[in-house]
Amino acid sequence: MEADGKDSDPSRIPLGKVPGRAAQPGPTVDDMSDHRIAPVVPDVPAAPVEAGEAVTSVFPVVAHEPPYYAVVFTSLRTEEDTGYNATAERMGELVQEIPGFLGEDSARTPGGLSITIAYFRDLAGIERWRQNAEHRKAKEHGRAHWYERYSLHIARVEHSHGFQRADR
């Protein structure tokens, strides 16, 4: 907590007060948590989707038999987005060609924080994706134009399970 009572990250930018972003943080899960409630994006867009615009589903990747790996990419974008959606769509197609790729989940808050989790069977698949020439070019362009900041974490998944309501 800051002296003024506002949450902040280590960069000293108060939560929800990112330069160039007007959104306020959403409500928290409960009084004992600082985790924000994520907005739900409809499975089918309410309005027609423009060419190159990404469509987000609310269905999570199914649970796989462990062990496998999760690559967590958390980012905050700049105001520049020329070509971003087309590149993101292309990367989504391209990663599916990587042996061992299991799927990905992605979400974005109204304040601009994006989280994408890509799942791979093994570290070799992650390395193949990291070394892919087209992916490397997109990462370089992203650092130069699309991202204010990002972090990447790779974690080994030791336990995994899922749930789906029977009536859906």
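The values are calculated or read from the model by the stated rules, or taken from the named source; none is laboratory data. Fair warning: this is a prediction, and the values are worked out from it, not measured in the lab. Positions of Cβ are backbone-derived with ideal geometry, glycine not excepted, and every protein chain shown enters the neighbour counts. These accessible areas exclude ligands, DNA and RNA; they are computed on the full protein's heavy atoms, side chains included. Shrake-Rupley method; radii C 1.70, N 1.55, O 1.52, S 1.80 Å.
Would you point out the residue of segment 107-119, among those that are out of contact with any Lys or Arg (no Cβ under 6 Å at 6 or more places or on another chain) and not in a strand (DSSP E or B), that is least open to solvent (accessible area, probe 1.4 Å)?
T109
Quick check, is V157 modelled with pLDDT of 95 or more, surrounded by 11 or more Cβ atoms within 10 Å (Cβ to Cβ) and of a type in the set (V, I, T)?
Considered against the rule, which asks whether it is modelled with pLDDT of 95 or more, surrounded by 11 or more Cβ atoms within 10 Å (Cβ to Cβ) and of a type in the set (V, I, T), V157 comes out as yes.
Conditions first: (1) surrounded by fewer than 16 Cβ atoms within 10 Å (Cβ to Cβ); (2) in contact (Cβ under 8 Å) with a residue 60 or more places away in the chain. L76 passes all but one, so which condition is the exception?
So L76 meets the others, but not (1).
Just for segment 36-81: of the residues that are modelled with pLDDT under 50 and among the acidic types (D, E), which one is farthest from the chain's Cα centre (by Cα)?
This residue is E50.
Considering only segment 89-106, how many residues are open to solvent by 60 Å² or more (accessible area, probe 1.4 Å) and either closer than 17 Å to E148 by Cα or not acidic (D, E) (or both)?
Count: 4.
Looking at segment 106-119, I want the residues that are among the small types (G, A, S) and have a partner that is open to solvent by 40 Å² or more (accessible area, probe 1.4 Å) and outside any strand (DSSP E or B) with Cβ atoms under 6 Å, at least 6 apart or on another chain. Which pairs are those?
Final answer for the pair search is A107/A38; G111/R21; G112/R21.
Mind checking which residues of segment 120-168 are among the acidic types (D, E) and part of a loop (DSSP other than H, G, I, E, B)?
Residues satisfying the conditions are D122, E158, D167.
Condition first: of a type in the set (S, T, N, Q), open to solvent by less than 80 Å² (accessible area, probe 1.4 Å), modelled with pLDDT of 95 or more and out of contact with any Gly (no Cβ under 8 Å at 6 or more places or on another chain). Can you find one or more residues in segment 146-153 that meet it?
yes
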